[in-house]
Amino acid sequence: MFVAMKPWYKHAAITNTLRLAVTILLIWLVSKRVNLREIAAIFRTAAPGWLASAILVYALSLIVSSHRSAIYLSGIGILLKPWSALGLYMKGTVYNVLLPGGIGGDGYKILVLRSKDGPSVKQIFQAFFFERLSGLWAICTLLCILNTTLTEPILPPVWPGLVWVIGTMGYYIIMRLFFSEHARFFLRTHLMSLGIQGMVSVAVLCILESQPIPVSYPPYLLSFHGSTIFSILNIGLSGLGVREFAMGYAAQLLQNNAALSVFVASAFWLVSTTTAIPGLGFLFIGGKKHVDEGRD
């Protein structure tokens, strides 16, 4: 009996090496535009209390995210109790942030949730796909709103607004016609996604408040949420370097302080990494067994 082998380029060591190389390249490109010593100086002046507040707010957003994930899973018949849903979500975060390059957070959760008599792998994948899509919808919604708050909007506000309305209607109609099991939760999950991104925005504001530099918030929030879309490409190691690159290069367009923009991106990476650490406890406490015990 032959065992299927992974192609050499799909092994974790290879993918992690490539992602590390991309991260180093992106940080080098950032250093060409922004003085890294200036960024280090900004870190030294950061108020620890505000950074701790950012961690707490972001941790709360993860709790809400786990509940949203449980709602999507309930649409395909997987019912998880809140603690089990949080544990599963946090373990997925560990695979995304602390153990990159392997199966990934969603891949790990699919492996845990699949069962002989339960929903298919395809159905579980679709649940996580629509969960991510709701998050992307919320980010696009905030980008449209933030664009209108700029002194000089990047785009005439009517055009992003029109695209948002048409896109949202088409998005819902497609879900209603072909994925009714998830469409029935559309309003609840998308309002939750807006709330989650709102909490992420508050975490970013806490990071900005950690500095004595007075700034206008909307351009930095626009830059941050725009960089989130760019970071979906998942080309850096644990996401490091990707957001810094995007926010550093968007600074000129939005007339932001480039060093402060890169600081926000790097500080948020530290915040997200710190909040992922408790997931190690869930990972070592138990695996699929605890998810099974958490089913209603």
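State whether one or more residues within the range 232-239 are assigned to a helix (DSSP H, G or I), in contact with a Gly (Cβ under 7 Å, 6 or more places away or on another chain) and either modelled with pLDDT of 95 or more or not charged (D, E, K, R) (or both). The answer is no, given that none of the residues of the range 232-239 is assigned to a helix (DSSP H, G or I), in contact with a Gly (Cβ under 7 Å, 6 or more places away or on another chain) and either modelled with pLDDT of 95 or more or not charged (D, E, K, R) (or both).
Within the range 147-195, take every residue that is touching a residue at least 40 places away in the same chain (Cβ under 8 Å) and in contact with a Ser or Thr (Cβ under 6 Å, 6 or more places away or on another chain) and give me the one that is nearest to residue 254 (Cα to Cα). Selected residue: 193.
Hey, does the range 134-145 have a residue that's more than 19 Å from the chain's Cα centre (by Cα) and assigned to a helix (DSSP H, G or I)? Outline the logic, then answer.
Step one: list which residues in the range 134-145 are more than 19 Å from the chain's Cα centre (by Cα), which gives 145.
When the remaining residues are screened for being assigned to a helix (DSSP H, G or I), the result is 145.
Checking the range 134-145: at least one residue is more than 19 Å from the chain's Cα centre (by Cα) and assigned to a helix (DSSP H, G or I).
Of all the listed residues (6, 91), the sole one being modelled with pLDDT of 85 or more, basic (Lys, Arg) and either buried (at least 21 other Cβ atoms within 10 Å of the Cβ) or outside any helix (DSSP H, G or I) (or both) is 91.
Under 22 Å from residue 67 (Cβ atoms) and out of contact with any Phe, Trp or Tyr (no Cβ under 8 Å at 6 or more places or on another chain): which single residue out of 118, 105 fits that description? So that I can check it myself, show each step before the final result.
Numbers: 105 fails: out of contact with any Phe, Trp or Tyr (no Cβ under 8 Å at 6 or more places or on another chain).
Step by step, each of 118, 105 is checked, and only 118 is under 22 Å from residue 67 (Cβ atoms) and out of contact with any Phe, Trp or Tyr (no Cβ under 8 Å at 6 or more places or on another chain).
Would you call residue 162 under 16 Å from residue 229 (Cα atoms) and part of a helix (DSSP H, G or I)? Taking the combined requirement at face value, the residue does not satisfy it.
The values are calculated or read from the model by the stated rules, or taken from the named source; none is laboratory data. Worth saying up front: this structure is predicted, and the values here are computed from it rather than measured. Cβ: placed from backbone, ideal geometry, glycine included. Neighbour counts: every protein chain shown.
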